[in-house]
Every structure is written in structure tokens, then in C-alpha cells.
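J.: The structure's right below; bear with me while I get my questions together.
The values are calculated or read from the model by the stated rules, or taken from the named source; none is laboratory data. All of these numbers come straight from a predicted model, not from anything done at the bench. Counting neighbours? That spans all protein chains shown, and the Cβs are built from the backbone with ideal geometry, glycine included. Side chains included, ligands, DNA and RNA excluded: accessible areas come from the protein's heavy atoms. Shrake-Rupley method; radii C 1.70, N 1.55, O 1.52, S 1.80 Å.
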Amino acid sequence: MNKFAKLSGAAIVASCGALALAPMAAADTTLVLFEHDTVQHMADLGAPGPGPGDQFIFAGDLFDRPGGMFLGTTGGSCTTLSGNETAGKQACNGTFNLAGGQIVVQGVADTAGLFGSGGTSPVSIVGGTGIYQNAHGTGTIQIPPDVPNQADANFVLNLTG
């Protein structure tokens, strides 16, 4: 269940951290971010037990790398579309709060690939505020499989404009 929240938080953190590193929202910028959840909550909103409708809510801190410079905060949620905590699909959204504004990301991920094998999943940069008001592009999220509760995530955001 923490796996769902982690995906959403990681996507949001990566987007925000990447933008925070750039003094201005320049076109064709790649941001590499590290996110660590400080809050995770699973809401069993569908049928009892893990399954469609459940939500994972998360919030955390953004850094330029593990143990690196603090860039901002993030928060978001993931909703189970199909399957359970080990297989199926998750729809996630997140917001990265960085110096100068916010970046918003969203995506649908394969639960097993993202939370089981440590593979990468695509995310879309769908907007922003402040200096990121025209933010758009694509990116990836990767959650290391050996981190307890999937509380860490790596983001690569490719901002275009």
C-alpha cells in the first residue's frame, strides 16, 4: 500500500526538484531529482482489502541527490485502477513545491514494474505556477526496490518549451 503513495510522491518530487534547480524555467532542461517521503497514508476506499479505488497519499522532501541539497517539498496521491499492491495499474499525481513556483506531474504506472523490479515508469509534466507556469514535458520515476516502504524515488524530468 505504501508502494502506491510512493509512486505519486516520487513523481511529484522529481518534477518540483528539477525545476527548483533551474533558476528560471528554461526550455529543453533536464532535471534529476531525489525524493524522500516524510508522510505516507493508505486509504482503503474500494472494497475491503487492497484493490481498485484505494488511495495512497504521500508528502516528502526533494533533494538534488540522496543526502544532497534540499530543493523543496512534494505531495500527491496514487489511486489503484486495477489489481492490488503487487500487480495492476496506478494513476498518480503530484505537485513539486520549489523556489519560484510549483510543477505538476501525473502518470499511470505498472505496479509490479515500479515497486517490484525497480524499473522506470513514465510521467507527464502537465503544468506549473510561477516561473514554471508553462512547464510541460515528459520524465521517468524509479523507486529503488531495497528501500523500506519505498520511501525514496529518483526522477528525471525533461522540460520542453
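J.: Of all residues in the range 119-138, which are at negative phi, open to solvent by less than 50 Å² (accessible area, probe 1.4 Å), not hydroxyl-bearing (Ser, Thr, Tyr) and not in a strand (DSSP E or B)?
T.: Gly119, Ala135
J.: Ok, one more. Residue check, Gly72 against (1) outside any loop (DSSP other than H, G, I, E, B); (2) at pLDDT 80 or above; (3) on the phi < 0 side of the Ramachandran plot; (4) not hydroxyl-bearing (Ser, Thr, Tyr), all met but one. Which one?
T.: Against the list (1) outside any loop (DSSP other than H, G, I, E, B); (2) at pLDDT 80 or above; (3) on the phi < 0 side of the Ramachandran plot; (4) not hydroxyl-bearing (Ser, Thr, Tyr), Gly72 comes up short only on (3).
J.: Please find, among Asp54, Asp28, Asp64, Asp37, the residue that is of a type in the set (Asp, Glu), in contact (Cβ under 8 Å) with a residue 60 or more places away in the chain and buried (at least 17 other Cβ atoms within 10 Å of the Cβ).
T.: Asp37
J.: Scan the range 81-94 for residues that are open to solvent by 50 Å² or more (accessible area, probe 1.4 Å) and within 24 Å of Ile125 (Cβ to Cβ) and jot them down.
T.: The answer is Leu81, Lys89, Asn93.
J.: Here is a follow-up. Considering the range 75-107 alone, what residues qualify as being outside any loop (DSSP other than H, G, I, E, B) and touching a Lys or Arg at 6+ places or on another chain (Cβ under 6 Å)?
T.: Leu81, Ser82
J.: Further question: Which condition number does Cys78 fail, the rest of (1) over 18 Å from Ala112 (Cα atoms); (2) open to solvent by less than 30 Å² (accessible area, probe 1.4 Å); (3) at pLDDT 85 or above; (4) among the hydrophobic types (A, V, I, L, M, F, W, C) being met?
T.: Tallying (1) over 18 Å from Ala112 (Cα atoms); (2) open to solvent by less than 30 Å² (accessible area, probe 1.4 Å); (3) at pLDDT 85 or above; (4) among the hydrophobic types (A, V, I, L, M, F, W, C), Cys78 fails exactly one: (1).
J.: Can you name every residue in the range 112-161 that is touching a residue at least 12 places away in the same chain (Cβ under 8 Å) and β-branched (Val, Ile, Thr)?
T.: Thr120, Val123, Ile125, Val126, Thr129, Ile131, Thr138, Thr140, Ile141, Ile143, Val156, Thr160
J.: Would you mention how many residues in the range 101-118 are open to solvent by less than 40 Å² (accessible area, probe 1.4 Å), of a type outside the set (A, V, I, L, M) and over 20 Å from Leu71 (Cα atoms)?
T.: The number of residues fulfilling the criteria is 5.
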